[in-house]
1. How many of the residues making up the stretch 255-286 are crowded, with 18+ Cβ neighbours inside 10 Å, within 27 Å of the chain's Cα centre (by Cα) and assigned to a helix (DSSP H, G or I)?
2. Are any residues in the stretch 604-633 more than 24 Å from the chain's Cα centre (by Cα) and in contact (Cβ under 8 Å) with a residue 12 or more places away in the chain, and if so, which ones?
3. Scanning for something polar (S, T, N, Q), in a loop (DSSP other than H, G, I, E, B), modelled with pLDDT under 90 and not assigned by TED's automatic domain parsing to the domain that holds Ser363, does the stretch 460-477 turn up at least one residue?
4. Would you please list the contacts, defined by Cβ atoms under 8 Å and residues six or more apart or on different chains, that run from a residue in the stretch 43-56 that is outside the structural domain of Asn93 (by TED's automatic domain parsing) and surrounded by 12 or more Cβ atoms within 10 Å (Cβ to Cβ) to a residue that is part of a helix (DSSP H, G or I) and basic (Lys, Arg)?
5. Of the residues that make up the stretch 528-535, is at least one touching a Gly at 6+ places or on another chain (Cβ under 6 Å) and at pLDDT 95 or above?
6. For the stretch 548-562, enumerate the residues that are under 23 Å from Lys528 (Cβ atoms), of a type in the set (S, T, N, Q) and either over 19 Å from the mean Cα position of the chain (by Cα) or surrounded by fewer than 18 Cβ atoms within 10 Å (Cβ to Cβ) (or both).
7. Do you know which residues across the stretch 191-210 are surrounded by 14 or more Cβ atoms within 10 Å (Cβ to Cβ) and within 18 Å of Glu239 (Cα to Cα)?
Amino acid sequence: MKDNCKRLIKIMLSNEEWINAGYLANVMGVSERSIKNYISEINSSETNLIQSSRKGYLIDSKRAKTFIQSKGRNIPQNSHERINYIIIRILSNDADQGSKTDLYNIADEIYVSFETIKKDMYKVRKKFLEYDLYLTATNSFVAVEGNELDKRKTLSNILYEEFTDHIMSIDVIKNIYPLYDLELLQKLIETKCEEYHYFINEYALINLILDIVIGIDRMKKERTFVNEKRDDKRVGIREQELARNIATEIENHFNVTYSITEFEELTIILLSHLMKMDFNAINKENLEHMVGSECVNIVNQLSDILKNTYFVDIDNVDFIIKFTLHIKNMLVRLRNGYKIKNPLVNHIKNTCPLIFECAVEVSNKIHELTNYDLSEDEIGYIALHIGGNLETQKSKRKVITCVILFPQYYDFSNKMMEELKKHYQDQLEIKTVITSLDEIKKLDKTDLIISTIPITELVRMETVIVTPFLNEKDYKDISYIIDKIILRKKKARLKQHLMQISNPRFFYKDKEFKGKEDAILFMVNVMKKEGYIKDDFAKEIFEREKQSSTAFEHIAVPHSMHMNANKTGMFVLLNEKKPISWNENSVSIVMMFAISREERAIFHDVYDNLIVLLIDKSNAVKVLESTAYIDFIEAVVGCFK
């Protein structure tokens, strides 16, 4: 929007009463004709923002404040941002048959030349074609043609792209749709869902509100569906009742009317997000009735991957039920082309790389079974379910073996053992209670002795002396020793695994590459000569990269998902002086894995620890100083604290 238009709005906001064109022209130092042109341009961007009558002009102050604020934000800074901006503007102007957008106005709004916009239009057309939409042009005016559903999907997906670097929230959506009371929309959805014993998690709710408000806005502009009925919606009677109640509330509060086809689309959007509140009423016996045999068959095949490749406990009924319900909703989204935003996806990738990797393999299987491609956002939600179950499994594992030394005195030793079990149930496995120092010599493979008497003999395990009644200091001392033992064990296991998969020939420093493809092919050729990998390994690596980049900020961990290498090995590139371009990242540390099925557990341990350690830049700096493979291993292990 031109600066003069913005200035005119601000002048009118300062008065908030009827003002004639002569007064405005005098204040702005322009002609009355220019004032009329500015008002016409403003109203073309925001319908009826400024009213006209014999008394002059009156601005809608509430809307104008929101409008001017939104126009002051997010001026596109590069070609990609401009293309998205242009698409959104063209779709926003698509109010009725014959609606067109003037590219000169867009150029003025974002402070670039008309020639720049013309160059961007090639990519805009290409982007529209991805959604089966096409542009028509008359001089500088363009209009979009095509299916209404495709227009909504385009708008929704482009807006999701705009949210890539931001946590999506009601306030963010308000900037795009300032005319609608989104808090009211959220409240009526939540209220009706609660009445029908459904809930929608916070992230999904924001996604749902965006898709619904796009529909409301399009209906307001009389851009509705025409005979676009879908087949096989798999909608239950209760879900249909809920959708009808929400539609009625929206009609009452937002002054729109849902046609049969619009209602069907609203129902699909709701179905892709709804979760039942009463999980306790769901079991394996009635699950198939609720989600359908297709969904259950898919989950059964996914369970095989989770169990056999990543050792996930699929006997956990709670996990299977929630995971299956999630897959059901996900299939509704995929089937109907709806996307979902996951603000946690980058955090999950960086802090739980193995869990995310497991989710990537699950998504690959879903693609194989359904031919649907999953976005990283969808993969992130799968990772949340898997991660929750893995944490439950971890909590069941006893990490430290322990013996209590307590001279016999009534049943005090039993009381101490019970207290320790209660306090350290997820960390200590108490093997036995001994009553004298002599029995220490007979102990085998014990990590820790907790004793109520001083230990005078030299022993090979950690010890901690406590009072018979376990006070606060005792618990603090025990916790300190437990943490020390856990760290020592982790470092020893990591070093052992790294040594097991190392090869001095798989270490290069500051070798120059044209990009990630060049680096990957170089490493593949070396590993192939050493007999580690099969002929199609490079193809498998690139397939994995296509699914989701293996770059994590300054590090990259390329690998195949098939785990079919002849031998497990890790290739290391340290390129501090010559970083490698890896998609949108500049990578200085590359660790490429070849994994044999028999040694997949080693890969799981090494992969998870390396990424979490080396994503810390201070650790990366230390590791980059390595000049040989053994130095690299020592530096990595040394970072474990």
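1. Going through the stretch 255-286 one residue at a time, the tally reaches 7.
2. Quick first cut of the stretch 604-633, residues more than 24 Å from the chain's Cα centre (by Cα) only: 618-633.
Those that are more than 24 Å from the chain's Cα centre (by Cα) and in contact (Cβ under 8 Å) with a residue 12 or more places away in the chain: Asn619, Ala620, Lys622, Val623, Leu624, Ser626, Thr627, Ala628, Tyr629, Ile630, Phe632, Ile633.
3. So far as the stretch 460-477 goes, no, none of its residues is polar (S, T, N, Q), in a loop (DSSP other than H, G, I, E, B), modelled with pLDDT under 90 and not assigned by TED's automatic domain parsing to the domain that holds Ser363.
4. Glu46/Arg63; Leu49/Arg63
5. Within the stretch 528-535, the subset touching a Gly at 6+ places or on another chain (Cβ under 6 Å) is 532.
Still in the running and at pLDDT 95 or above: 532.
Among the residues of the stretch 528-535, at least one is touching a Gly at 6+ places or on another chain (Cβ under 6 Å) and at pLDDT 95 or above, which makes the answer yes.
6. Matches in the stretch 548-562: Ser560 only.
7. Lys192, Cys193, Tyr196, Tyr198, Phe199, Ile200, Ala204, Leu205, Leu208, Ile209, listed by residue number.
Residue-wise test of (1) of a type in the set (Phe, Trp, Tyr); (2) in contact with a strand residue (DSSP E or B) (Cβ under 8 Å, 6 or more places away or on another chain); (3) at pLDDT below 90; (4) outside the structural domain of Lys341 (by TED's automatic domain parsing).
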site	(1), (2), (3), (4)
Phe199	yes, yes, yes, yes
Glu202	no, no, yes, yes
Leu205	no, no, yes, yes
Ile209	no, no, no, yes
Ile212	no, no, no, yes
Lys221	no, no, yes, yes
Phe225	yes, no, yes, yes
Arg230	no, no, yes, yes
Arg238	no, no, yes, yes
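The values are calculated or read from the model by the stated rules, or taken from the named source; none is laboratory data. Quick caveat: nothing in here was measured; it's all calculated off a predicted structure. No Cβ is skipped: glycine too gets one built from the backbone with ideal geometry, and neighbour counts run over all protein chains shown.
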